[in-house]
Amino acid sequence: SFGYSQPSLHLKNRTLTAPAPFADETSCQCQAPHEKLTIAQARLGTPADRPVRVYADGIFDLFHAGHARALMQAKTLFPNSYLLVGVCSDDLTHKFKGFTVMNETERYEALRHCRYVDEVIRDAPWTLTPEFLEKHKIDFVAHDDIPYSSAGSDDVYKHIKEAGMFVPTQRTEGISTSDIITRIVRDYDVYARRNLQRGYTAKELNVSFINEKKYRFQNQVDKMKEKVKNVEEKSKEFVYKVEEKSHDLIQKWEEKSREFIGNFLELFGPDGAWKQMFQERSGRMLQAFSPRQSPNSSPTRGRSPSRSPSPPWVINKTSPPSSPKAASASLSSMSEGDEDEK
């Protein structure tokens, strides 16, 4: 027995529901001398009574997906592993690497909330010593295989590799803290203007008086451009709606015009209803006013010698004809009277 207590199910699940603990706030689960494991033994999942303790360290400034993927690889190197992550302090980092965007407290907290991390070691050493490895009972160190030259050494992990405790991980191409900082520097004016607009002062952004006025003027120009753009878009939309309505109105007008012309031709055309009606009425009028031919055998009507014959255009007011037929008969009698006179 190695003297390790198997982590309880509660402890395993805690990393998914709560931040990982700090190493100085928890006790190491190993209560016996640490027995060294080979990589082959660790990959077989032995020993079964304790997890393989894997250590990964770094600065982890502006924690990003590349960091998370490296820790995921370190966590899944062996079937049963416990991942400890060391984070260097601000003093060490500024001394050996340079100034950071995030301070050490922010970087510690970022690591605690990564799902692959079981424990965070604050103020981790820049170079791993045998005393540090023994203190935290570390079996293997995980890092990318590119030689890391720093602190006067061509590779700070050289002695770890020689001891057979180094396990390589793969870097994620296309993303790094330096790349993110490069983007910020490249687009500095954009971010400075945005933060001024959000309420940050020029002093907080380390912006000079002249640059502040320039950025604020550019913000006003951008606002004006945005308004003009919105007006243009609304104008285009309005014109499109007007054109669409005009097209509909023209189409409806054409349909109504064709209907009107068709109705007009049907009524007043060469064979229209109005012509037929006019012909019928003309026929009736001609029939009403045309005289009937008297038969040859009709006796000649005698007239009183004392009464002078009336002209044919004089109409008797006392007895007007009650119908067109009566008027026709009257005209016939008048014509007969004229013949008698002749």
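The values are calculated or read from the model by the stated rules, or taken from the named source; none is laboratory data. These numbers come from a predicted model, not from an experiment. All Cβ positions, even for glycine, are placed from backbone atoms using ideal geometry, and neighbour counts span all protein chains on display. Accessible surface is based on the protein model in full, side chains and every heavy atom, while ligands, DNA and RNA are left aside. Shrake-Rupley method; radii C 1.70, N 1.55, O 1.52, S 1.80 Å.
Data for the structure
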| read-out | value |
| --- | --- |
| Residue check for Leu133: in contact (Cβ under 8 Å) with a residue 24 or more places away in the chain, assigned to a helix (DSSP H, G or I), of a type outside the set (Asp, Glu) and more than 15 Å from Ile59 (Cα to Cα) | yes |
| Residue check for Ser235: farther than 14 Å from Gln197 by Cβ, of a type in the set (Ser, Thr, Tyr), open to solvent by less than 100 Å² (accessible area, probe 1.4 Å) and over 24 Å from the mean Cα position of the chain (by Cα) | no |
| Test for Glu109: is it within 41 Å of the chain's Cα centre (by Cα) and not polar (S, T, N, Q) | yes |
| Members of segment 188-204 found to be open to solvent by 40 Å² or more (accessible area, probe 1.4 Å) and either outside any helix (DSSP H, G or I) or without any contact (Cβ under 8 Å) to a residue 12 or more places away in the chain (or both), listed by number | Tyr188, Val190, Tyr191, Arg194, Arg198, Gly199, Tyr200, Thr201, Lys203, Glu204 |
| Residue satisfying all of: in segment 178-200; modelled with pLDDT of 90 or more and among the polar types (S, T, N, Q); farthest from Lys214 (Cα to Cα) among these | Ser178 |
| Hits in segment 145-182 - residues which are closer than 21 Å to Leu128 by Cα, of a type outside the set (Phe, Trp, Tyr) and outside any loop (DSSP other than H, G, I, E, B) | Ser150, Ser153, Lys158, His159, Ile160, Lys161, Glu162, Val167, Pro168, Thr169 |
| Positions within segment 205-221 being open to solvent by less than 70 Å² (accessible area, probe 1.4 Å) and farther than 12 Å from Asp189 by Cα, in sequence order | Ser208, Val221 |
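Residue-by-condition table, conditions (1) assigned to a helix (DSSP H, G or I); (2) at pLDDT below 85; (3) not polar (S, T, N, Q):
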{"residue": "Ser27", "(1), (2), (3)": "no, yes, no"}
{"residue": "Ala32", "(1), (2), (3)": "no, yes, yes"}
{"residue": "Lys36", "(1), (2), (3)": "no, yes, yes"}
{"residue": "Tyr55", "(1), (2), (3)": "no, no, yes"}
{"residue": "Gly66", "(1), (2), (3)": "yes, no, yes"}
{"residue": "Pro79", "(1), (2), (3)": "no, no, yes"}
{"residue": "Leu84", "(1), (2), (3)": "no, no, yes"}
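Here is a yes/no grid of residues against (1) surrounded by 15 or more Cβ atoms within 10 Å (Cβ to Cβ); (2) over 19 Å from Lys161 (Cα atoms):
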residue: Val54; (1), (2): yes, no
residue: Tyr82; (1), (2): yes, yes
residue: Gly86; (1), (2): yes, no
residue: Asp90; (1), (2): yes, yes
residue: Phe96; (1), (2): yes, yes
residue: Glu109; (1), (2): no, yes
